[in-house]
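Just below is one structure, and these are the notes that go with it.
The values are calculated or read from the model by the stated rules, or taken from the named source; none is laboratory data. Keep in mind the model is a prediction, meaning the values are calculated, not measured. Methodologically, a virtual Cβ is constructed for each residue, glycine included, from the backbone with ideal geometry; neighbour enumeration extends over all protein chains shown.
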Amino acid sequence: MNYNIAVIKGDGIGPEIVSEAMLVLEKIGEKFGHTFKFQEVLAGGCSIDANGIPLTDETIEICKNADSVLLGAVGGPKWDNVPSAKRPEKALLGLRAALGLFANIRPAMMYKALADACPIKKEIIGDGFDIVVCRELTGDVYFGNHYRKESDCGWGEMGCDDMNYSVYEVERIARRAFEMARVRSKKVTSVDKANVLETSRVWRETVTRIAAEYPDVELQHMYVDNAAMQLVHSPGQFDVLLTGNLFGDILSDEASMITGSIGMLPSASIGETGRGMYEPIHGSAPDIAGKGIANPIATILSCAMMLRYSFGLSAEADAIEQAVGKALDNGCRTADIASPGQTALSTSEMGQVIRDLI
Ligand code: NAI
Ligand code: MG
C-alpha cells in the first residue's frame, strides 16, 4: 500500500529526530512492502520566519489531504516575543482544529531497562507502569473566550478565560477511552473537578451515561487534585485516564515523568476519520538543538502509533516497538537516558540501531 504522510519537522531538535523517524518508516516499508511518501511542510517558528505566520493555508491543505501527519516540535526562545496570536504553538492548535483532532492519546510506560530512571520508589512502582492518558483536545478553557475587563470591586484589571464543555464533546472522547480500555485492562478513571465546576458536572454525568454502553469496562471517577496525588502515591491503580483538555495537559506531563524520560514518549491526536497527527510529547529542546544528541525514540514510537491507529498496520507497529525495546535491553542509550559514565549514542546512531533491529 501507499501512504502519504505530511511531515512537519518544526523547530529546535524537530528536524534531527523526525529525519530518523522517516528513515525508520522507510525501513518498515522495505520490510513489509509499503511505500511511505513524505511531503514536508512548514509550521511553527520556521513558518513564522518564512511566511510571517505560524500556520499557512497551504500547510493546512497539505495536511488535510495527507493520510496522516508526522510532527517534530515547534517553538523556541527565538519566537518568545512574538505577539500571542502568532506564536508557534498556535500552529498546533490550528492544525488540531482544522483536522478535527479531538482525542490526544498519550501512553506513558516505563521500560524495565530504564527502571532506574523512574523517580518513584521501587516499592511503589512495583513491576512497572503502563497507562494511557486519553485527553480531550478541542474544548475546555483553551478554546473559551479569552478577555480582560476591569474588576467590579476595584481590584484592577482582570484576566478571564471561559471554560466550556458540551455533552457532544464529552461523549466522543469518553467513547474513545472506553474503546481503548476494552483492549487493555478494562478500567477507565475519569478525572474532573465536579465538586466545583459546572463543566465537570456535565463531564461526569455524560461519562457515567456513556459507561453504560460498555458494561465490561469498569469506570471510576476521581477529582483532579486527588488524581495528581494518586499518580505518584499508587500509580499501579490506573489504566486509561480520561481527562478534559486542561487537566489532561497537566496530568499527562506528570504521568510521563513517572517513566523517567521525556525523550521516550509518543503521542497521537486523532479525530473521527483515520487521519491523525503523531508527535513526541516533548518540545523542541532548544538547549540541545543542533548537537545531534536528542533522543529520537519518542518520535519513532509516534510513527508506530501512526501505523497502528491510522493505517491499521499492527504488525508493523509491533516491529518498531519491539526494536526499541531490544535496543534498550542491549544497553543502547542516548544521553538523556544514559547512566552516569555510560557512553551515549547520537541521535542518528540510535536511529540506526533501531532500524537494524527491525
Ligand atoms: P522540552 O520538552 O523542549 O525540553 C525539556 C527538557 O527535556 C530539556 O532539557 C530538553 O533538552 C529535554 N528533552 C526534550 N526532548 C528531548 C529529547 N528528545 N531528547 C533528549 N532530551 C530532550 O520543553 P521546554 O524546554 O519547556 O520547551 C522548549 C520549547 O518547546 C518551547 O518553545 C515550548 O513552547 C516548545 N514546546 C513545543 C511542544 C510541541 O511542539 N508539541 C510541546 C512542548 C513544548
Ligand atoms: Mg503540555
Qualifying residue in region 270-288 (condition: in the same structural domain as I17 (by TED's automatic domain parsing), closer than 30 Å to A113 by Cα, in contact with a helix residue (DSSP H, G or I) (Cβ under 8 Å, 6 or more places away or on another chain) and of a type in the set (D, E, K, R)): yes
Quick check, is P88 within 30 Å of C46 (Cα to Cα) and either assigned by TED's automatic domain parsing to the domain that holds V183 or not in a loop (DSSP other than H, G, I, E, B) (or both)? no
Tally, over region 133-168, of residues that are among the β-branched types (V, I, T) and either outside the structural domain of V191 (by TED's automatic domain parsing) or modelled with pLDDT under 95 (or both): 2
Suppose we filter region 241-250 for residues that are part of a helix (DSSP H, G or I) and crowded, with 24+ Cβ neighbours inside 10 Å; how many remain? 2
Inter-residue pairs, beta-carbon under 6 Å, first over 20 Å from I62 (Cβ atoms) and in region 1-30, second more than 13 Å from ligand 1 (Cβ to nearest atom) and among the hydroxyl-bearing types (S, T, Y), 6+ apart: G29/T35
Considering only residues of region 116-135 that are touching a residue at least 40 places away in the same chain (Cβ under 8 Å) and in a helix (DSSP H, G or I), which is surrounded by the most Cβ atoms within 10 Å (Cβ to Cβ)? I125
Of (1) assigned to a loop (DSSP other than H, G, I, E, B); (2) away from ligand 1 (no atom under 14 Å from the Cβ); (3) not charged (D, E, K, R), I320 satisfies all except one. Which? (1)
Taking the condition within 14 Å of ligand 1 (Cβ to nearest atom) and touching a Phe, Trp or Tyr at 6+ places or on another chain (Cβ under 6 Å), does A268 pass? yes
Return only the number of the condition from (1) part of a loop (DSSP other than H, G, I, E, B); (2) surrounded by fewer than 19 Cβ atoms within 10 Å (Cβ to Cβ) that R308 does not satisfy. (1)
Among residues belonging to region 326-348 that are among the small types (G, A, S) and within 25 Å of G14 (Cβ to Cβ), point out the one that is surrounded by the fewest Cβ atoms within 10 Å (Cβ to Cβ). S348
Please find, within region 258-296, the residue that is nearest to ligand 2 (Cβ to nearest atom) out of those that are surrounded by fewer than 22 Cβ atoms within 10 Å (Cβ to Cβ) and of a type in the set (S, T, N, Q). S261
Filter result (within 26 Å of P235 (Cα to Cα) and in a strand (DSSP E or B)) within region 136-177: E136
How about region 262-301: which of its residues are part of a loop (DSSP other than H, G, I, E, B) and modelled with pLDDT under 90? E272, T273, G274
Given (1) outside any loop (DSSP other than H, G, I, E, B); (2) surrounded by 17 or more Cβ atoms within 10 Å (Cβ to Cβ); (3) in the same structural domain as A298 (by TED's automatic domain parsing); (4) away from ligand 2 (no atom under 16 Å from the Cβ), where does L95 come up short, assuming only one miss? (4)
Scanning region 108-132 for residues that are over 27 Å from S166 (Cβ atoms) and under 14 Å from the mean Cα position of the chain (by Cα), which turns out modelled with the lowest pLDDT? M109
Just to be sure before I move on: is D216 closer than 29 Å to G72 by Cα, away from ligand 2 (no atom under 16 Å from the Cβ) and among the acidic types (D, E) in the structure I sent? no
Residues A255, A304, A327, A319: which one is under 20 Å from M109 (Cβ atoms) and within 16 Å of ligand 2 (Cβ to nearest atom)? A255
Taking region 57-89 and keeping residues exposed (fewer than 14 other Cβ atoms within 10 Å of the Cβ) and touching a residue at least 40 places away in the same chain (Cβ under 8 Å) leaves N65, P77
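A quick yes/no check of all residues on (1) within 15 Å of ligand 1 (Cβ to nearest atom); (2) assigned to a helix (DSSP H, G or I); (3) small (G, A, S):
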| site | (1), (2), (3) |
| --- | --- |
| Y3 | no, no, no |
| A6 | no, no, yes |
| G12 | yes, no, yes |
| A21 | yes, yes, yes |
Within region 217-261, restricting attention to residues that are within 16 Å of the chain's Cα centre (by Cα) and among the β-branched types (V, I, T), which residue is farthest from ligand 1 (Cβ to nearest atom)? V240
